[in-house]
Amino acid sequence: MDQIKSMSLEDQIALCSGADNWHTKAIPNAGIPILCMSDGPHGLRKMPDSANEMNINGSLPATCFPTAVLSACSWDPNLLEEVGRAIGEEAASHGVGLLLGPGANIKRNPLCGRNFEYFSEDPMLTGKLAAAMIRGVESTGVGACLKHFACNSQEYKRFNSDSVLDERTLREIYLSGFETAVKEGKPSAVMCAYNKVNGEHCSDSKKLLTDILREEWGFDGMVVTDWGAMNDRIRAFEAGCDLNMPGGSSYQEREAAAAVRNGTLDPACVTSSAARVARLALRAQAVQKERKAFDAAAHHALAKRLAAESAVLMKNKDRILPLSEDLDLLFVGPMASQLRYQGGGSSHINPLRLRQLSEICPDIPVLPGCLPDGSGDKKLLQAAEKAAKKAGAVVVFAGLPDSIESEGFDRDNMELPSAYNELIERIAAVNPRTVVVLCCGSPVELPWAEQVKGILYLGLSGEAGAEAAVDLLFGKENPCGKLAESWPLRYRDCVSSDYFAGQHKDAHYREGVYVGYRWYQKAGIPLRYAFGHGLSYTSFAYSDLEIHGDTVSCRVKNSGKRDGAETVQLYISPPEGSGYRPILELKRFEKVFLKHGETKTVRFKLDDRCFAVWQDGWLVPTGDYGVHIGGASDQLFLHGCVHHDGVSWDGTAYPDWYCNPSGSPSHIAFEHLLGRPAAERRARKGIYTMENTLDEMREDSLPARLISKALEKGLSKLSGAEPGSPEYRMTLSSTLDAPLRTLKIFMAKDSAALDALLELSNGHAIRALRKLLDQPQNKKG
Ligand code: BGC
């Protein structure tokens, strides 16, 4: 690129870190404009120019679409593409050239605080939906930034934990969704994750960012760090990590320039990165300038449609739903007056047109039954119980309060607050027509599931979620959502429950490919609701499975009395005796709309990848594969077989646990799978580095302790967030749990203080003083 070649080395390097939180630098001499970025993924979080950046909730109003946890349940790429387009239009209207989303991380464990921002436990579904959303955003001229690449499946110690996993698991589960999203969505940018993968920071990883992303998958866009994820600027240039964000610091820029000068860094790496930043900025210039208006009413209607087509009817005993409007109805629960519709953190939207139930159904009485934070109140409970006794039917709106589910921290357990459980049980005991609407961004245990008649999963449904819920409850809409993740009966049924987050800084992916339904099925563990499950007010009948070569078809009939949509799911099972392979894997799906009585033929094309495993490359083991079609992973009605002549592969040559898994995988079995030891790293005084955090150092470093305490006290004032609120918890963990190098990037100007703090914490007072005195402003001349 000529503009870049004419720039000095220093300018090229400077272009590769942003100007501030949301913009790259303009280089007027070279004709390179600013690129403006804003968060997604389920709406635009554009901060006003005058914003206090620590107040993450202070963004400009935008349409709040359902979060990925719900939109994934639509299983409808076309709809996701429309939503991507709408968000792109809103971004364009604000002069934003790059939207930071969607997220394609795999839901490894239900407690990950950020699961609500991700689509699924399944890479195929994740990839298809992410690709569709990307296509939508990109069609508006705004770029989409696929994130967080890769293996970023927990919030605990998210800035410096190491995701340790074997290559097969990495390829089959954690990279596949990204691969589909990149190949089929063609995003303008990819954001590398905070964590390490197998000991290497994502920002330093040539393997991830160049060998796989660019060379194998053909990605030709820009790689940006997650905010504060840059580790080593020199290695990052070599790895193909282009843009360091947030901007404002000159983090390791001098070192990078020196490395080019002394021949240890190839200048071509810098030039390529600068060119990729410049190319995106140039491409975004037109859309950023134009600031075209968008149709807010149409976007609200789309948000409603997405919520209505995604909500999952989990249970509908005796056809309790849809409810008749003539019934003497009662709404119960704090979420009946304040529906929880989104999660906390960098994806938080200030909705344009939030509508609550009271506005939509002003005549239905509402009683809280417990307090909004999920704690109990005897009087409120009794009042709700009394009214429920007399009501024709009761709908309890329950879920996880804001304080429990957010970016920045994981949940402590899989339970609803106990007051909600008690409320539901007590209401169900006095009213046999009790329905629960669940508002949460991840599965919860449902101890009362057998006691209530109906359960509608509304997830985090965006600004029009309440309207969608009402249409579904009263039958104006027919539910057609299907779960994009398994709902275990109890947390301990989840394979990683013994060793997930909280207990270990590093994430050892001991379970290998057994994530979600792949685990529950192989281990024979019953679920509350299976992957792909979702009921309808009508019924569907499957017939006529035909397999010809690589084409599979079947007929699906709407055999009930109402029009409705069904998601036809195709799973493949491996040849018998395959050892370490899941029993079923989703390979194709299609959502079809059918009028009552109507029948359609659904056709799928299979390819080699549908049968492949990873072993130093994709290979298809020879054998007879099962083809299974139905409306859920546990409702498969049609079964066939295809033979594949591939290669001979021995799936039994894996450690025992992986061939016959039961109980928790041991650390030793995991090391066998990995083929090397996987030790936990411990930080201690004397050997702390910029990689360590205040939280890690506070135990034996007085200065780290004092600073941490001051931050705990002062953050609420600085950020405007109430102590205990999700924003406060996230900001606190983003400070105390961030490595010093990350704080350097965020603090921009005061970074010498962090070098000094590191020396002090390692017990070197004099060196600390020297670091402070060495600051350029303290040097004479
Ligand atoms: C989040 C990203 C987000 C970025 C900018 C990070 O903390 O992990 O998802 O895009 O902040 O807000």
Exactly one of 218, 228, 263, 247 is within 16 Å of the ligand (Cβ to nearest atom) and more than 23 Å from the chain's Cα centre (by Cα), and that residue is 247
Single condition residue 757 does not satisfy, out of (1) surrounded by fewer than 20 Cβ atoms within 10 Å (Cβ to Cβ); (2) away from the ligand (no atom under 16 Å from the Cβ): (1)
For the stretch 722-748, enumerate the residues that are away from the ligand (no atom under 15 Å from the Cβ), in contact (Cβ under 8 Å) with a residue 12 or more places away in the chain and either polar (S, T, N, Q) or surrounded by fewer than 22 Cβ atoms within 10 Å (Cβ to Cβ) (or both). 724, 725, 728, 747, 748
Tell me, which strands (runs of 3 or more DSSP E) wholly within the stretch 564-637 include 2 or more residues that are touching a Cys at 6+ places or on another chain (Cβ under 7 Å)? 564-573, 623-632
Of the residues in the stretch 497-517, those that are aliphatic (A, V, I, L, M), part of a loop (DSSP other than H, G, I, E, B) and modelled with pLDDT of 95 or more come to 513, 515
Restricted to the stretch 623-645 and to residues being without any contact (Cβ under 8 Å) to a residue 40 or more places away in the chain and in contact with a Gly (Cβ under 8 Å, 6 or more places away or on another chain), the residue surrounded by the most Cβ atoms within 10 Å (Cβ to Cβ) is 644
Boolean, residue 456 is on the phi < 0 side of the Ramachandran plot and in a strand (DSSP E or B): yes
The strands (runs of 3 or more DSSP E) lying entirely within the stretch 102-204 that contain at least 3 residues which are within 22 Å of residue 273 (Cα to Cα) are 143-149, 189-192
Select from the stretch 577-599 the residues that are surrounded by fewer than 18 Cβ atoms within 10 Å (Cβ to Cβ), under 15 Å from residue 483 (Cα atoms) and aromatic (Phe, Trp, Tyr) and list them in ascending order. none
Counting only residues that are over 22 Å from residue 101 (Cβ atoms) and in contact (Cβ under 8 Å) with a residue 24 or more places away in the chain, which one in the stretch 29-57 is nearest to the ligand (Cβ to nearest atom)? 52
Inspect the stretch 380-399 for any residue being free of Cβ contacts under 8 Å to residues at least 40 places away in the same chain, under 21 Å from residue 456 (Cβ atoms) and more than 16 Å from the ligand (Cβ to nearest atom) and give the result as yes or no. no
For the stretch 253-352, which helices (runs of 4 or more DSSP H) that fit wholly inside it have 3 or more residues that are within 30 Å of residue 389 (Cα to Cα)? 334-337
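The values are calculated or read from the model by the stated rules, or taken from the named source; none is laboratory data. Treat the numbers as computed from the prediction; the structure is a model and nothing was measured. For neighbour counting, all protein chains shown are included, and Cβ atoms are generated from backbone atoms with ideal geometry for every residue, glycine included.
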